[in-house]
């Protein structure tokens, strides 16, 4: 009930924007919002994604690394969805970038500021050598989720496997174009790539 009231209050106060799916932080203090379309043409809208105060609807600022334009596909209100950590300190924004393409941005949230976090280069992982020279299809993409144990899981698709490579030798048996990247936070809150696997069929 409280969550619904906070969402409603934010939308009514702001007037111009609406909270995205999963956009309200667990502590109820912050929210991620987008400007809804006023016409059917998504390329005519403001694609800014905002961090706002959930209770007052006051705009804190744009999340400049993400967009609600969807690469001219979808709608601003459906192209962005968020995942928060239980302590409201980590924010994951997944957003559409094309017809079948998606991307993600991770933020560390502190003192009402969302600081972007870069994921480590997967090619530095022992299994990462298989990524060198690996092609992609016309619609690559990825999506990040937060696991119950606090780790991050990125599902990435659109790779074009080289059928001359024995991926099983690299611990990726059954690789057909989709990979799972398992990330963990270390004791200094840095993100480390723990493993690369293939989704179970």
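The smallest convex shape that holds all Cα atoms of the chain, its convex hull, gives 136 Å³ per residue.
Counting other Cβ atoms within 10 Å as a rough exposure proxy, the listed residues 46, 195 run 195, 46 from fewest neighbours to most. At each listed q (0.12, 0.15, 0.24 Å⁻¹), what is the log10 of I(q)/I(0) that the Debye formula gives for region 1-117 modelled as equal alpha-carbon point scatterers? Log10 of I(q)/I(0), two decimals: -0.37, -0.59, -1.40. Legend: Rg and Dmax of region 69-187, from Cα coordinates, 15.9, 51 Å. The residues 111, 47, when put in order of fewest to most other Cβ atoms within 10 Å, stand as 111, 47. When the helices of the chain are scored as -39500 (n - 2.57) per DSSP H run of n ≥ 4 and the total is divided over every residue, the value at 222 nm lands at -2000 deg cm²/dmol.
With equal scatterers on the alpha carbons only and no solvent term, can you work out the Debye log10 of I(q)/I(0) for region 119-201 at 0.24, 0.26 1/Å? With one equal scatterer per Cα and no solvent, log10 I(q)/I(0) is -1.28, -1.43. Mind pulling the angle between the C-alpha long axis of helix 2-14 and the longest principal axis of the chain? Nearest 10 degrees, somewhere in 0 to 90. With both axes taken from Cα atoms, the answer is about 70 degrees. Rg over Rh for region 133-179 works out to 1.05, using Cα positions for both radii and the Kirkwood form for Rh.
Cβ crowding within 10 Å ranks 185, 41 as 41, 185, fewest other Cβ atoms first.
Relative contact order of region 1-154, taken over Cα pairs closer than 8 Å and 6 or more residues apart, is 16 percent.
Any read-out appearing in this document is the output of simple, stated calculations on the displayed coordinates, not a laboratory observation. Here the structure is a predicted model, which means the values were calculated and not measured. In this analysis, Cβ positions are derived from the backbone assuming ideal geometry, glycine residues included, and neighbour counts consider all displayed protein chains.
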